[in-house]
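Please read the structure below before turning to the comments.
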Amino acid sequence: MDNKKYAFITEKDFKGLVTGLIKEYKVFGTIKKDGFPAFAGITSFDELELFQSPTHLSAKEFLFPQRETLLKFNIQNKTHEPVIESGEQVIIGMHSCDIHALTLMDRVFAAGTPDPNYLSRRAKTIIIGTECFPDKFCFCKSVGTMTVEEGFDIFLHKLKKGFLVRTGSVKGEEILSRLTKSRPAAFKEIKEVEALQKVKEGSFITTLDAPAEELPGIYEKSDNSPVWDRIGAICYGCGSCNHVCPTCYCFDIKDEVKANLKEGERVRVWDGCMVEDFAKVAGDHNFRGLRANRLKHRFNRKFRYLTGKFDALFCVGCGRCSRTCLVNINIAEITNELIREHNKK
Amino acid sequence: MEMEKPKVAFFSFTCCEGCQLMVLSCEDELPDILKLVNIVNFREAMTEKSDDYDIAFVEGSISRKEEIKKIKKIRNNAKIVVALGACSSTGGLNCLKNRFPMEDVKMSVYGKEAETNYNVNDTIPARPIDSIIHVDYYIHGCPIPKKEFLNVFTSLLLGKRPDIPNQPVCVECKMAGNICVFEKGMSCLGPVTRAGCDAICVSYGAMCWGCRGYVDNPNTQSHGETLKKYGLTVESVIRKFSLYGKCKPEGK
């Protein structure tokens, strides 16, 4: 680790940083909800709690809301105007997997016709990442997202006393120097973080049994695997995995007309490939009517289809889908099963 | 040229008329609605009656022989029939009585009068209206959500097919940021129940009782396994979840 990149702040500084940000911005941070880590709007430092495990939902909703108005129209006057709702905001407590997911979302929404709503929000968002520790569902180490070098403004590593701080942007540096009395990190503080990283690296209960770069090829050969029918039989098609996933970005567009039948809004709402009507088209034909086909599609989106387009895996190993699944469909276990099948051939 | 306003009628069968009250509580929209349609039948709101209507919103389940005749007449008169709320679309709470012999039900509710009162004597197992007539569209829920009524209403007037949700409540529960009811040590029907309610019960700390009926293709077998996994016996599950689910075991 290059010590020029690292600063040190005290606990008091951290409180000052968060309190200062709350004064200036809309701040979202990690809190405990019904005993589980979750993101929520916070208005005081005391509400914030930093967690080792991932939050229930990812932070994608602050950049890609579950429901947003894209334009307002008037049928009578035949007029319409675009709506872009975005404000300066800070998200505190994102882990390395989530920041990787964010950089993928940045690429998705900038590709093709850039999405002004997402990009406007992203440009006004400050990301403060925090270090984490794997639980039994996490497998970021196997998909290359255990550490993060970009996508954040400030990243905090908790030390026994205080925090080691990395900055990832000019904005991050500016905030740090304005709201804290940071100093360059000492050699032993950097060593402390390096030691913690080593412990973290050796603490994964879940890992994938093949290198990340081989996964697209393995998935390519798994189309006829018996795995899909087996998990298709137990899957609810409830879409929970889609909605907790930090890289599922699919949406539906609906035109909602007011009761006067004159004015209305075009809204974008989250959609998920696991629900039955996702691939249903005019005439009620459904391209993926079976849950088995929908699961195969979703898993392939994470490990194969999008890697061709963006040259990156779209599973960041956060384990949220496995954690939330009522019938215990575990994305890492299924991938390992496919790896085993592949190795037998 | 001004088109003639569509004529709309509201009818109630066996129900609490709460879904009609939900329609009446659309206070911000009612002035606009009244500019667009003529309401010709609406017992909850007016005394006039007419058999000349285009769209019939029907609340309540069918639980008397006489109601079978009435619902058939409504189907004949209307171009479009919309089931309004759980009693109408799935049979609703009224189907609880179907577990018992009709004679016992009559006696336990009306006592001696059951033998003499024609209306009581006429009772049959409760059922959704689509077990008698063809239904064009469904507005689910106990009670219906206002926004769903407005969505179906405006869609019909615009000649659009209404967008009726066919995804489990889990979708809206996740969007609401709720921690799963099962994680909180309770049980839930959300994974097999049709969304559209914004997971209101779970958001307020309860569980989903399935008032909106099943999604089109519920994985009920999987749900049985899930309930077992969380320590519920088959009997307790049936008791708990037969509140809304007695009429239609699967689908619709």
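Only residues that are touching a strand residue (DSSP E or B) at 6+ places or on another chain (Cβ under 8 Å), without any contact (Cβ under 8 Å) to a residue 60 or more places away in the chain and of a type outside the set (Asp, Glu) were counted in the range A:252-272, giving 2. The strands (runs of 3 or more DSSP E) falling completely within the range A:6-58 that include 1 or more residues that are polar (S, T, N, Q) map to A:26-33.
Residues of the range B:22-59 that are among the hydroxyl-bearing types (Ser, Thr, Tyr) and more than 14 Å from chain A (Cβ to nearest Cβ): B:Thr47, B:Ser50, B:Tyr53. Collect the residues in the range A:267-291 that are more than 10 Å from every other protein chain (Cβ to nearest Cβ) and buried (at least 17 other Cβ atoms within 10 Å of the Cβ), keeping them in residue-number order. Within the range A:267-291, A:Val267, A:Arg268, A:Cys273, A:Arg288 meet the criteria. On the basis of being in contact (Cβ under 8 Å) with a residue 40 or more places away in the chain and either β-branched (Val, Ile, Thr) or assigned by TED's automatic domain parsing to the domain that holds A:Lys136 (or both), does A:Lys26 make the cut? The answer is yes for A:Lys26.
From the list B:Ile71, B:Ile62, B:Ile39, the lone residue that is outside the structural domain of B:Cys211 (by TED's automatic domain parsing), buried (at least 18 other Cβ atoms within 10 Å of the Cβ) and outside any strand (DSSP E or B) is B:Ile71. Those helices (runs of 4 or more DSSP H) of the range A:276-333 in which at least 3 residues are touching a Cys at 6+ places or on another chain (Cβ under 6 Å), considering only elements entirely within it, cover A:291-300.
From the residues in the range B:145-160 that are of a type outside the set (Phe, Trp, Tyr) and within 18 Å of B:Ala195 (Cα to Cα), which one is farthest from the other protein chains (Cβ to nearest Cβ)? Only one residue tops the list, namely B:Pro145.
Within the range B:204-223, the set of residues being within 11 Å of another protein chain (Cβ to nearest Cβ) and farther than 12 Å from B:Asn166 by Cα comprises B:Gly205, B:Asn219, B:Thr220, B:Gln221, B:Ser222, B:His223.
Screening the candidates B:Asp32, B:Asp28, B:Asp51 for the property of being more than 20 Å from the chain's Cα centre (by Cα), without any contact (Cβ under 8 Å) to a residue 40 or more places away in the chain and either surrounded by 15 or more Cβ atoms within 10 Å (Cβ to Cβ) or not assigned by TED's automatic domain parsing to the domain that holds B:Asn94 (or both) yields one hit, B:Asp32. Determine, yes or no, whether B:Val152 is in contact (Cβ under 8 Å) with a residue 60 or more places away in the chain and touching a strand residue (DSSP E or B) at 6+ places or on another chain (Cβ under 9 Å). When the stated conditions are applied, B:Val152 passes them.
Residue-by-condition table, conditions (1) without any contact (Cβ under 8 Å) to a residue 40 or more places away in the chain; (2) basic (Lys, Arg):
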| residue | (1), (2) |
| --- | --- |
| A:Thr43 | yes, no |
| A:Glu68 | no, no |
| A:Lys78 | yes, yes |
| A:Met94 | no, no |
| A:Asp115 | yes, no |
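One residue stands out among those in the range A:292-345 that are more than 23 Å from A:Ala233 (Cβ to Cβ) and aliphatic (A, V, I, L, M): the one that is surrounded by the most Cβ atoms within 10 Å (Cβ to Cβ), which is A:Val316. In the range B:164-173 there is no residue that is over 22 Å from B:Leu96 (Cα atoms), more than 7 Å from chain A (Cβ to nearest Cβ) and free of Cβ contacts under 8 Å to residues at least 12 places away in the same chain. Scanning the range A:241-262 for residues that are within 7 Å of another protein chain (Cβ to nearest Cβ) and within 21 Å of the chain's Cα centre (by Cα) returns A:His243, A:Val244.
Return the residue satisfying two criteria in turn: it lies in the range B:204-241 and is among the acidic types (Asp, Glu) and outside any loop (DSSP other than H, G, I, E, B), and of such residues it is nearest to A:Asp277 (Cα to Cα). Going through the qualifying residues, I end up with B:Glu225. Just one of the listed residues (A:Gly16, A:Gly41) is over 26 Å from A:Ala110 (Cβ atoms) and within 14 Å of another protein chain (Cβ to nearest Cβ), namely A:Gly41. Can you confirm whether the range B:89-99 contains a residue that is within 14 Å of chain A (Cβ to nearest Cβ) and without any contact (Cβ under 8 Å) to a residue 40 or more places away in the chain? No: the range B:89-99 contains no residue that is within 14 Å of chain A (Cβ to nearest Cβ) and without any contact (Cβ under 8 Å) to a residue 40 or more places away in the chain. When the range B:183-203 is filtered for residues that are modelled with pLDDT of 95 or more and either away from every other protein chain (no Cβ under 12 Å) or in a loop (DSSP other than H, G, I, E, B) (or both), the ones remaining, listed by number, are B:Ala195, B:Gly196, B:Cys197, B:Asp198, B:Ala199, B:Ile200, B:Cys201.
The values are calculated or read from the model by the stated rules, or taken from the named source; none is laboratory data. All values reported here derive from a predicted model rather than from experimental measurement. Every residue, glycine as well, gets a Cβ built from its backbone with ideal geometry; the counts of neighbours run over all protein chains shown.
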